[in-house]
Structure formats: C-alpha cells, structure tokens
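These notes concern the structure reproduced below.
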Amino acid sequence: MTLDKIIVTLTGLAVIAFIAWFFWMTKREGAKAALTSAGYQEVMILVKGGYTPDVIMVEHGRPVRLNFRREETASCSEMVIFADFNKSAQLPEGKTVPIELMPEKPGEYEFQCQMGMLRGKLIVE
C-alpha cells in the first residue's frame with residue numbers, strides 16, 4: 001500500500017470515528033423547564049430539522065406545558081407523539097401548539113414525529 005492510500009484510509013477512519021462520537025456518544029445538556037406563575041413547567045420547542053431543545057428536564061408531580069413551534073414544511077414534522085402519555089398533536093407550520101402533561105413518576109420519556117425520524121426526550125426528576 002502506498003503512502004497516499006494509507007493517509008486517505010486513516011483520514012477516512014478518523015472521520016467515521018468523529019461522526020460516531022458526535023451523533024451517538026456525546027451527552028447533550030437538557031433544557032430545564034421554567035416554572036410559570038400558573039404552576040406549569042414550561043418550555044418552547046422549535047421544530048426545524050429536529051427538536052430544539054431535544055432534551056427537557058422537569059420535576060415529577062407538577063404539570064408540564066411543552067409549546068411546539070414548527071418552522072418547516074417537511075411532512076415528517078407534522079405531528080409529535082408522546083407514546084408514554086398517550087398524547088399526540090398536529091403541528092401546523094408557523095403556529096405554536098401547547099401540549100400539557102402530568103408526569104407522575106421520575107424517568108425518561110421519549111417523544112418523536114410520526115415517522116420516528118425526529119426524536120426528543122423528557123427527563124422527569
């Protein structure tokens with residue numbers, strides 16, 4: 001094997017390792033929900049190529065209001081599903097849609113689009 005082939009191979013392996021680390025091994029910081037005067041833990045979530053933030057931390061036993069605002073036309077992001085809470089909602093483009101939940105026990109609860117391509121996590125402490 002020539003030197004240029006070795007360099008290309010090592011560079012390719014380094015890029016693959018970086019991609020694997022970036023997408024699957026990094027821990028993402030979660031956004032802590034703010035407590036409103038009405039007693040809700042509330043977070044605004046932007047839907048544009050994914051959920052931002054995609055990890056939300058809340059306290060158990062207090063009501064949660066997640067406000068989703070969809071800023072794209074991709075059909076995948078038309079709906080959000082909270083399977084553990086038996087809740088879902090249509091997300092019309094350019095409108096804010098609140099979803100209210102009452103997490104009774106601590107744990108991690110996933111939410112996603114109807115195709116499973118966009119994913120997020122609600123961490124109840």
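The values are calculated or read from the model by the stated rules, or taken from the named source; none is laboratory data. Predicted model, so just to flag it, every value in this text is computed and none were measured. Glycine also receives a Cβ, built like all others from the backbone with ideal geometry; neighbour counts cover every protein chain displayed.
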Take the conditions of a type in the set (D, E, K, R) and not in a strand (DSSP E or B) and apply them to E72. Does it pass?
yes
Filter the stretch 75-85 down to the residues that are acidic (D, E) and surrounded by fewer than 17 Cβ atoms within 10 Å (Cβ to Cβ) and list them by number.
D84
Per-region count, the stretch 32-69, residues under 18 Å from Q114 (Cβ atoms) and not in a strand (DSSP E or B):
4
If we keep just the residues of the stretch 25-36 that are within 14 Å of the chain's Cα centre (by Cα) and modelled with pLDDT under 80, which is surrounded by the fewest Cβ atoms within 10 Å (Cβ to Cβ)?
K27
Contact list, first residue from the stretch 40-63 and touching a residue at least 60 places away in the same chain (Cβ under 8 Å), second anywhere and assigned to a loop (DSSP other than H, G, I, E, B) and loosely packed, with under 15 Cβ neighbours inside 10 Å, beta-carbon distance below 6 Å, six or more apart or interchain, is V55/R28; E59/E125; H60/K105; H60/P106
Taking the options E100, E72, name whichever one is surrounded by 15 or more Cβ atoms within 10 Å (Cβ to Cβ) and in contact (Cβ under 8 Å) with a residue 24 or more places away in the chain.
E72
